[in-house]
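To start, the structure under review is shown below, and the notes come after it.
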Amino acid sequence: MAGRAVSVVMPPPCALDRHARECYESHMAKESSHRVVMIVSAGSNPFEMGVATELFGLRRPELPVDWYNFTLCSPTPTVRMHAGFFQLSDVSGLDAVDRADTVIVPNRPDPLEDPGPEVLAAIRRAAARGARLVSFCTGTFTLAAAGVLDGRRATTHWRWASAFTARYPQVDLQPDVLFVDDGQVITAAGSAAALDTALHLVRADHGAEIAAAVSRRLVHPAHRDGGQRQFIEHPLPEVADASLAPLLDWAAGHLAEGLDVSGLAARAAVSPATLHRRFRAQLGTTPLAWLTEQRTTLACRLMERGEDRLDVIARTSGLGTATNLRTQLRRRTGLTPTEYRRRFAAGAEAGRGRGAGAGARGRMRPAR
């Protein structure tokens, strides 16, 4: 893969007339103001690089937002990827990190090895000037080695959790979750969780509607809460009618109806205990937590669309009261309804640049 900045261009979704073609080409020519830089090194996982390229490097002219400017960088201009399947050439140098709004650090083959002083210095400089820092999988070790996770919550791949805790006891490791958003620093667990984390960043920058549109393009769930477990400990039920899909589809369309766990169990024709076990096995969460997450997501979308009456939002989403709406919104985003609307409502400009969600819950502590 050659070239300094990575920008993958998709063809327009359908035949365009002259005016539409001009608008499309004009949009494609725009340079995004939000720079996302991914640091790759020898042995980096190509899957995680692919996730970042797909989410941040692929231009999306069908969306009414300023997308990202994506760059791969490395200490060396040529990088041999994991297992030697291919190599990248003409990769940008680490000076690209100094211009980044978001810095992504993927996994390393051996996270206990020293990532190198140049990489650590680049990360510390980015932290000091307030850039958003993101790690995928064992990239958390790299951020910890740079000292930017001290005193913060973080996660990493469950297989490396014990080694991480022993090496970096000053970091509050959350070993059982998909990803942790601790304000300016976001850490993801295994490689597949990188996709959930990337969609989370899109949602923080552009809102739930845009993130949902991107997830539909990817044929991926629009939102998996970061608190979900990393892996399923029990096998999925073998019988076809044990699938939760029909129930979830139905419940998502009836959130305003005061649904509770008993109501969901009755709809599925099982006991509440059986329903709880199925949710745990198939989704890694509880029925009540899933309902609350769906209702909070709907409330966020209503606010993004311009609804400003909290009682209406609470009633429509099934959260019930404005007080509960405020509680759930702050628990999920760290924001009040007023702050959330200011950042994410249609037409709002505040927070649309660099990582709106990142600045809401804390600033970077000084790096070592």
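Conditions tested, residue by residue: (1) free of Cβ contacts under 8 Å to residues at least 40 places away in the same chain; (2) part of a helix (DSSP H, G or I); (3) within 22 Å of residue 179 (Cβ to Cβ).
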position	(1), (2), (3)
281	no, yes, yes
285	no, no, yes
295	no, yes, yes
311	yes, yes, no
316	no, yes, no
Query raised in the report: Picking from 136, 164, 141, 179, which residue would you name as being within 12 Å of the chain's Cα centre (by Cα) and more than 27 Å from residue 341 (Cα to Cα)?
Result: 136
Requested in this report: Just give me the residues in segment 50-71 being of a type in the set (Val, Ile, Thr) and crowded, with 18+ Cβ neighbours inside 10 Å, in sequence order.
Outcome: 51, 53, 71
Query raised in the report: Somewhere in segment 135-142, is a residue in contact (Cβ under 8 Å) with a residue 40 or more places away in the chain and surrounded by fewer than 21 Cβ atoms within 10 Å (Cβ to Cβ)?
Result: no
Query raised in the report: Looking at segment 162-176, is at least one residue assigned by TED's automatic domain parsing to the domain that holds residue 44, in contact with a His (Cβ under 6 Å, 6 or more places away or on another chain) and either closer than 22 Å to residue 53 by Cβ or at pLDDT below 85 (or both)?
Result: no
Query raised in the report: Tell me, which residue of segment 318-358 that is modelled with pLDDT under 85, touching a His at 6+ places or on another chain (Cβ under 9 Å) and not in a helix (DSSP H, G or I) is surrounded by the fewest Cβ atoms within 10 Å (Cβ to Cβ)?
Result: 353
Requested in this report: Kindly indicate whether any position in segment 68-86 is in contact (Cβ under 8 Å) with a residue 12 or more places away in the chain, under 18 Å from residue 168 (Cα atoms) and touching a strand residue (DSSP E or B) at 6+ places or on another chain (Cβ under 7 Å).
Outcome: no
Report task. For segment 232-257, enumerate the residues that are part of a helix (DSSP H, G or I) and either at pLDDT 80 or above or within 27 Å of residue 175 (Cα to Cα) (or both). Result -> 245, 246, 247, 248, 249, 250, 251, 252, 255, 256, 257
Query raised in the report: Quick check, is residue 192 under 12 Å from the mean Cα position of the chain (by Cα), among the aliphatic types (A, V, I, L, M) and surrounded by fewer than 23 Cβ atoms within 10 Å (Cβ to Cβ)?
Result: yes
Query raised in the report: Taking segment 256-292 on its own, how many of its residues are under 23 Å from residue 337 (Cα atoms) and surrounded by fewer than 19 Cβ atoms within 10 Å (Cβ to Cβ)?
Result: 5
Report summary line: Among 116, 207, the single one that is over 28 Å from residue 344 (Cβ atoms) and either touching a Leu at 6+ places or on another chain (Cβ under 6 Å) or in the same structural domain as residue 52 (by TED's automatic domain parsing) (or both) is 116
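The values are calculated or read from the model by the stated rules, or taken from the named source; none is laboratory data. Because the structure is predicted, anything quoted here is derived from the model rather than measured. Backbone-built Cβ (ideal geometry, glycine too); neighbour counts: all protein chains shown.
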